[in-house]
1. Could you please find all residues in region 101-132 being more than 17 Å from the chain's Cα centre (by Cα) and either at positive phi or not aliphatic (A, V, I, L, M) (or both)?
2. Does ARG87 count as modelled with pLDDT of 90 or more and on the phi < 0 side of the Ramachandran plot?
3. Counting only residues that are modelled with pLDDT of 85 or more and surrounded by 14 or more Cβ atoms within 10 Å (Cβ to Cβ), which one in region 15-37 is nearest to LEU116 (Cα to Cα)?
Amino acid sequence: MQKSLEKILNTILQSSEVLEEEMKQESNLKNLTSRQLYCIELIKNMQNPSMTELAERMNIAKASISVMIERLEKNKFIYKVTSDKDRRSAHVHLTEDGEKAASLHAELHKRIGELLTDEMTESEKEILIVLLNKSVKSLIKHKKAL
């Protein structure tokens, strides 16, 4: 069972990467890395986080997030606003292009979900959701333990 699960996960991950790359090539996002797209998605979901909050959420060093944010700002996907409360920190906002990138990334996730469940009944989809939620809880629990 474990070996087939590993193969299934590998297939899903590889297929997702290929699909993401194809969608990026068909848009103005071809120069963005997967990590940058994830960062844009987080900025949208977190509703204009500070650089520190974003670095913590992405589990990367502040210096690394600074470099990523500089590149995204240079390419006009985001802009920074100095905090009113603490002039030493800044909050990150999406530009119109950043919003489009976030929407495209969300569309990618939706498309992958549709492809994964295309041959499933509604009942099977509901079961899959329950099982995946349990898997996600387990991943989060183990991530915190590391």
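The values are calculated or read from the model by the stated rules, or taken from the named source; none is laboratory data. The structure displayed is predicted, hence computed values, not measured ones. As a convention, Cβ positions derive from the backbone with ideal geometry for all residues, glycine included, and neighbour counts pool all protein chains shown.
1. GLU114, THR117, ASP118, GLU119, THR121, GLU122, SER123, GLU124, LYS125, GLU126, listed by residue number.
2. Criteria not met by ARG87.
3. Step by step, filter region 15-37, then rank; the result is LEU37.
Okay, residues lined up against (1) in a helix (DSSP H, G or I); (2) in contact (Cβ under 8 Å) with a residue 40 or more places away in the chain; (3) of a type in the set (Asp, Glu):
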position: GLU53; (1), (2), (3): yes, no, yes
position: GLU56; (1), (2), (3): yes, no, yes
position: SER64; (1), (2), (3): yes, no, no
position: ASP86; (1), (2), (3): no, no, yes
